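J.: First, the structure itself, so that you have it in front of you.
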Amino acid sequence: MKSVTLTAAIATITILPLMVMPFASADFLYYIILIILAALRLRCAESASILLLCTLICAAIGILLRNPLPIFRPWERLGLFACMLAGIGPLFSGGINAQLSQRLFQNLALSCLLVGALSACCAAIGINRGGAVFSGLTPHSMILGPVAGIGFLYAMHKTMHCYAAGKGLPGLLMTGGIACLAALLLSSSRSALLSTTAGAAYLILRVPRGRGLILLLGGFTAFLLLPFAGELTEGLFHKMDSSREAGSIFSSRAELWSDRWQEFREHPLFGVGFASQSIISFSHSLQSGIIEPGSSYLGCLSMLGLVGSLPLFMLLATALRHGMRKTAFPPLAVVVLLFFCVHMIFEGYLISAGSVLCVLLWSCISATLAGKT
């Protein structure tokens, strides 16, 4: 057990820079820890996920069939994705892998709480790494939003768990959760706010006792944040006004969704190629190779086709069903997984192994399948 705790701690320390630094600055340690974790998990493995193996094989076939543009580096990205599934995801199971998955997820969720709370502290003293939209300690507001949302769900889950166990209310944890909520609002991420609401609503509906306490704490939080409501929600309202002027609340995603759906219709079986596009949404993609799918689900369909996407979607559904079948206090992993299921409608990182959100997602899936967390 000590070796699992130490391994998870080292992995967390090397993954944490992805939350607070651009990927190019943190990639070396990330690559190293993925290789080490993959080797450890393979050594301890008793079985491998057939669904994930099918996805990887289909992705390789898709690249061979479509021969995507070299700028997208499909083989390199597929190799990174395979390493991430092996080292963090549920590609290998059995042995101590379940314990490692649970411990790593708990550490990463706690890291989200710390980054979100410290980002709120940065806002209070006027520190912001980003531009017009607040990003706190993270490289971008679209990272801060979901990270702070997961941190808030972590604090909410642990608070309710302590109350249900008769241990009282953890004041420091509650303070961190309120700070994460403030950081989430400051990030102006509508998708992260909606996803956090979905996860929180599920937790409230599933807790065996303490719904009155949740309402009381919610009112107390609103009272604390009310004096700062204008500053906290200014960015959100600005985005909503801009969307209404563009004719739709989904105006920032509609064109991307249309492009991905068109790619899927043109290549329905194996897609346009792993981590690739046939309809170039942004001109800078041809120089940088950076892809903005607009949606994880549509992005997978367009890049992997039905043959490669269905195993992924089946695994996601299996993990969600496995977590929701728990009759006792709902596990944190399934609460966060529900967050991701909603968030991935609007953001495309399901197969983007270089994204910290992808790492958090697959750690969550692995922990959910491993059992109670």
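The values are calculated or read from the model by the stated rules, or taken from the named source; none is laboratory data. Please read these numbers as outputs of a predicted model, since none were measured by experiment. Please note: Cβ atoms are built from the backbone with ideal geometry, for glycine as well, and neighbour counts cover all protein chains shown.
J.: Can you tell me which condition I88 does not meet? The list is (1) buried (at least 23 other Cβ atoms within 10 Å of the Cβ); (2) farther than 28 Å from F313 by Cα; (3) β-branched (V, I, T), and all the others hold.
T.: Result: I88 fails condition (2) only.
J.: If you don't mind, there's one more thing I want to ask. In this structure, is A86 farther than 15 Å from I365 by Cα and in contact with a Leu (Cβ under 7 Å, 6 or more places away or on another chain)? Let's see the steps before the verdict.
T.: Details: farther than 15 Å from I365 by Cα: no; in contact with a Leu (Cβ under 7 Å, 6 or more places away or on another chain): yes.
The answer is no for A86.
J.: Separate question: Being in a helix (DSSP H, G or I), hydroxyl-bearing (S, T, Y) and closer than 21 Å to D27 by Cα: is that true of S363 here? Lay out the reasoning, then the answer.
T.: Numbers: in a helix (DSSP H, G or I): yes; hydroxyl-bearing (S, T, Y): yes; closer than 21 Å to D27 by Cα: yes.
Taking the combined requirement at face value, the residue satisfies it.
J.: How many residues are in contact (Cβ under 8 Å) with a residue 24 or more places away in the chain and in contact with a helix residue (DSSP H, G or I) (Cβ under 8 Å, 6 or more places away or on another chain) if we restrict to segment 201-222? Even if it seems obvious, please write down each step before you answer.
T.: Step one: list which residues in segment 201-222 are in contact (Cβ under 8 Å) with a residue 24 or more places away in the chain, which gives 202-203, 206-210, 213-214, 217, 221.
If we keep only those that are in contact with a helix residue (DSSP H, G or I) (Cβ under 8 Å, 6 or more places away or on another chain) as well, we get 202-203, 207-210, 213-214, 217, 221.
Of the residues in segment 201-222, 10 are in contact (Cβ under 8 Å) with a residue 24 or more places away in the chain and in contact with a helix residue (DSSP H, G or I) (Cβ under 8 Å, 6 or more places away or on another chain).
J.: Provide a single number: the residues in segment 198-219 that are at pLDDT 75 or above and not aliphatic (A, V, I, L, M).
T.: 5
J.: Here's another thing I want to ask about it. Looking only at segment 314-333, decide whether some residue is buried (at least 24 other Cβ atoms within 10 Å of the Cβ), under 15 Å from the mean Cα position of the chain (by Cα), under 24 Å from R211 (Cβ atoms) and of a type outside the set (K, R).
T.: The answer is yes, given that some residue of segment 314-333 is buried (at least 24 other Cβ atoms within 10 Å of the Cβ), under 15 Å from the mean Cα position of the chain (by Cα), under 24 Å from R211 (Cβ atoms) and of a type outside the set (K, R).
J.: Next question. Counting only residues that are touching a residue at least 40 places away in the same chain (Cβ under 8 Å) and either at positive phi or surrounded by fewer than 23 Cβ atoms within 10 Å (Cβ to Cβ) (or both), which one in segment 289-303 is farthest from the chain's Cα centre (by Cα)?
T.: Ranking the qualifying residues of segment 289-303, first place goes to G289.
J.: Residues that are in contact with a helix residue (DSSP H, G or I) (Cβ under 6 Å, 6 or more places away or on another chain), modelled with pLDDT under 75 and of a type in the set (S, T, N, Q): does segment 249-264 have at least one?
T.: Yes.
J.: For residues in segment 131-177 being among the β-branched types (V, I, T) and modelled with pLDDT of 85 or more, which is farthest from A120 (Cα to Cα)? Working first, answer last.
T.: Our first condition is that a residue be among the β-branched types (V, I, T); within segment 131-177, this holds for 133, 138, 143, 147, 150, 159, 175.
Right, trim to modelled with pLDDT of 85 or more and you get 138, 143, 147, 150, 159, 175.
Values: T138: 11, I143: 14, V147: 12, I150: 14, T159: 20, T175: 11 Å.
If we take residues in segment 131-177 being among the β-branched types (V, I, T) and modelled with pLDDT of 85 or more, then T159 is farthest from A120 (Cα to Cα).
J.: Which of the residues spanning segment 119-143 are surrounded by 18 or more Cβ atoms within 10 Å (Cβ to Cβ) and within 14 Å of G177 (Cα to Cα)?
T.: Hits for segment 119-143 are S119, A120.
J.: If you don't mind, another one. Being part of a loop (DSSP other than H, G, I, E, B) and closer than 14 Å to V115 by Cα is the filter here, so list the residues in segment 168-206 that pass it.
T.: Scanning segment 168-206 gives a single hit, S187.
J.: Working carefully through the options A328, A317, A370, find the one that is without any contact (Cβ under 8 Å) to a residue 24 or more places away in the chain, of a type in the set (A, V, I, L, M, F, W, C) and more than 30 Å from P22 (Cα to Cα).
T.: Values: A328 fails: without any contact (Cβ under 8 Å) to a residue 24 or more places away in the chain; A370 fails: without any contact (Cβ under 8 Å) to a residue 24 or more places away in the chain.
Unique residue meeting the criteria: A317.
J.: Yes or no: T233 surrounded by 13 or more Cβ atoms within 10 Å (Cβ to Cβ), at pLDDT below 90, of a type in the set (V, I, T) and over 29 Å from G348 (Cβ atoms)?
T.: no
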